Each structure stands twice: as structure tokens, then as C-alpha cells.
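**Q** My structure is below; once you've seen it, I'll send some questions.
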Amino acid sequence: MIITDPQHAVRDLRQGKVVAIPTETVYGLAANAENDAAVQCIFALKKRPLNHPLIVHVAKNWDLSRFALDLPPYLPLLIEHFWPGPLTFVLKRNPKTVSDWVTGNQDTVAIRCPAHDLAQALLSDLNAPLVAPSANPFGKLSPTTAAHVQEGFAGMDFTILDGGRCAIGIESTIISALDPKGYTILREGIIHKKALDALLPEALCGAKASPKVSGQLKSHYQPHKKLYTFSNLNHLKAFQAACKEKLYIISFSPMVLDKRHDYHRLSPTVQGTAFELYECLRLADQSQAALILIELPPLEQAWMAIHDRLRKASAGDSLEKLALPLQG
Ligand code: TXA
Ligand code: MG
């Protein structure tokens, strides 16, 4: 059921129920992080493997030492600059307060402070942290509206708090902050390495072995239809010539296409593309087209999160790899 009253959501959460909540990135499937039975329901609903840990969501200005130990010296600066916002820190877990269910038995915990008024209001009223994985069945596209959540869990009975369309549209950047000498990016997001390094010029990026993150599986964030990426318009032309089926083509470059195909032109900015990406892939999935073809953005630092999501949505398959003969 879709609701708009945050008090209703707080009542459900207090009773140990699961509630889908809006955040600035994507909708999350939330439960009280201090209630193991409620946390277990999330794994069951999502059909998520139990060893994939959950992010603990906290309200502004909560004392992180309640959940994590050995906080690195650069943490306050990053928090001051980016929180509330789409940046998640992996820290050494405080085993007294964070349960094995949340961390998948690891000795680390991921923590984030969402920049959405409703999410903040829930956390403050509940006065307890919330675990909230993206509110999609495991491996599928993340939802950016309440209606997407409902579509993904048809027939299942939990409350969905409608907070409008997510302003960012892709999941938070996750960094490992276990090493006091510097962070490591575990999942790319809208906050990219350059923006982090601008604050911490001496940070040692990528110096450490990273813990396992489910978002690092080769295929993830997948539409139902087969999706290929492409970079070179000549490969697209060759594919169109060889394929008789209706296609859903998504590109940054302007193009004139045969009318039988569907076409969407993406925003030229990273923010604009992130905002519309999952919505666009959903529409492509629901269309009559047989296949989805999507152009890769420039190979620049700021675009890495989009590259990452497209690599996973395509399971690494591209028109270039098909090596069709080019024309002309
Ligand atoms: O933007 C977001 O982060 C959204 C919204 C709802 O907050 N949440 C989200 O959660 O994307 P989820 O569960 O779909 O993705 C969280 C990722 C997973 O890949 C998980 O493996 C990783 O975070 N993760 C969680 N705890 C971790 C830990 N202790 N160490 C390493 N990775 C961790
Ligand atoms: Mg997810």
C-alpha cells in the first residue's frame, strides 16, 4: 500500500514491519536495524543472499561511535562536506550494537545518512537506525518512485512511503574507510573520486584490498531484456543492418533512426543521466522492442558510476564484442 503519512511508516517500523522509504538516491526497503526479525524479513522479501550486508542509515548528527569503532581521521571532514548525502562509509563494526544479520557476519559495517526530509524525519522519530537496501528484488533495477517499488513486489503486503521521485536516481557511492591513511571506492556513485580527493588531497585511493560488495557482481541492476552497450556509432549501424527486430536505442549522440525502433536521448550531464537512467531502462524493458542498445558516456571520472551501472546491466556485453562487419 502506498501512503504519504510518515507517522504511519514510523508505527509500522516500531512494530517490526518492513517499510519502503524514499531517499535521495533510490527507494530503500527499510527495517529497524536493532530488530533482527525485521532485518531477516528484508532478506526474505528481496530474495537476497544472507551474506550480502545491509547499509545502516542514520540521522544527521548522530554519534557514529555508537555503531563503529576506530573511526579514521579523515571521516569528520567527509561527513561535514557530504552528509546528509549519497556517500556510504564502510567502517569497523561495533559488535555490541550492530548485529550479524546486518553485516552478514563481517566485522565491518556500512553507514550512510540520507538527504531526504522524510527519511530523516523517520530516523529522528524512531530514534533507531534503519537498514535499507534498494527496494528491488535481488539483482533487478533499483526503484526511483513508489510505483516502481510496488511493481517490483506485486502482491506483497508492506507499506510504501511515497516521497516523490528520487532526486539523484542511482545508489550512493560506497567507500571503505577502514584504513586510517586513506579511503578506497567500493561502489561508484554521483560523488566521485575527484570530488573526494579535492577535499583529501593526500588520500591513498585503491591502496587497500576491498571487502566484497554485491554491487561488484558482474551482472546486477539488470533489466529483463538483453542489453548491449556501444561506443561507436558504426557498430550500431552494422547491428541495425544485421538485425531485423525492433530495438530500443538509448544514446547521448543525436541520431536519426528507422521509425520501427524506439529511441530515447539521454541528458548530456551526469546528474541528468543518473536521474533518468533506471526509469529509462524500465520503459525500455516494458516496450515491444526485442533488445536494448545503450551508448556509453565519455570515459571520464565523473561518468564512472554510469559506466559501472551499464556494465552490470549489460553483463559486460557490447556491440563491439559482437564484431559485426562494418559497412562502407
Ligand atoms: O543509495 C543507497 O546506498 C541505497 C539507498 C536505499 O540508501 N541503498 C543501497 O543498498 O544501495 P543495497 O543493499 O542495495 O546496496 C548496498 C551495498 C551492497 O552491495 C552491499 O554488499 C554493500 O553495500 N555493503 C553493505 N555493507 C557492507 C560492508 N560492511 N562492507 C562492504 N560492503 C557493504
Ligand atoms: Mg541494491
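The values are calculated or read from the model by the stated rules, or taken from the named source; none is laboratory data. Just so you know, these numbers come straight off a predicted model, no measurement behind them. Using ideal geometry, Cβ is built from the backbone for each residue, glycine included, and neighbour counts are taken over all protein chains shown. Heavy atoms of the whole protein, side chains included, go into the accessibility calculation; ligands, DNA and RNA do not. Shrake-Rupley method; radii C 1.70, N 1.55, O 1.52, S 1.80 Å.
**Q** With Cβ to Cβ distances under 14 Å as the rule, what net charge do the other residues near residue 282 carry (K, R +1; D, E -1)?
**A** Charge balance in the 14 Å sphere: -1.
**Q** Sort 304, 1, 156 by heavy-atom solvent-accessible area, probe 1.4 angstrom, most to least.
**A** Largest accessible area first, the residues go 1, 156, 304.
**Q** Placing +1 at every Lys and Arg Cβ and -1 at every Asp and Glu Cβ, with all other atoms neutral, what dipole size does the chain have around its Cα centre, in debye to the nearest 20?
**A** Here the size comes out at about 800 debye.
**Q** Would you give the gap between the C-alpha center of region 30-68 and the C-alpha center of region 109-186, rounded to a whole Å?
**A** Taking the Cα centre of each part, region 30-68 and region 109-186 sit 11 Å apart.
**Q** Next question, about the same structure. What is the calculated FRET efficiency for residue 315 to residue 197, with r their C-beta to C-beta distance and R₀ = 30 Å, to the nearest 0.05?
**A** Computed FRET efficiency for residue 315 and residue 197: 0.45.
**Q** 5 Å is the cut-off here: which amide hydrogens, built 1.01 Å from N in the peptide plane, fall below it relative to residue 226, excluding neighbours closer than 5 in sequence?
**A** 292
**Q** Could I ask something else about it? Extending each Cα 7 Å along its Cβ direction at residue 291 and residue 14, get the distance between those two points in nm, one decimal.
**A** About 5.5 nm, to one decimal.
**Q** Still on this structure, please answer the following. Quick one: if you take sqrt(5λ) for each eigenvalue of the C-alpha gyration tensor of region 1-154, what semi-axes come out, biggest first, whole angstrom?
**A** 23, 17, 15
**Q** Suppose we take every Cα in the chain and form the convex hull; what volume per residue is that in Å³?
**A** 133
**Q** Accessible area per residue of region 1-137 at 1.4 Å probe, in Å²?
**A** For region 1-137, the solvent-accessible area averages 40 Å² per residue.
**Q** How large is the helix-only mean residue ellipticity at 222 nm for the chain, computed as the sum of -39500 (n - 2.57) over DSSP H runs with n ≥ 4, divided by its residue count, in deg cm²/dmol to the nearest 500?
**A** Rounded to the nearest 500, the figure is -8500 deg cm²/dmol.
**Q** Pop out the carbon and sulfur fraction of the accessible area of region 1-84 as a percent, whole number, probe 1.4 Å.
**A** 53
**Q** Which listed residue (126, 78, 30) has the Cα farthest towards the positive end of the charge dipole for region 1-160, taking +1 on Lys and Arg C-beta and -1 on Asp and Glu C-beta about the Cα centre?
**A** Projecting each Cα onto the dipole axis, the largest value belongs to 30.
**Q** Ok, one more. Which FRET efficiency value, to the nearest 0.05, is calculated for residue 36 and residue 224 with the Förster distance at 30 angstrom and r the Cβ-Cβ distance?
**A** E(calc), rounded to 0.05, equals 0.35.
**Q** Stretch residue 283-residue 62 to full length: gain in nm at 0.36 nm per residue minus the Cα-Cα span?
**A** 75.6 nm
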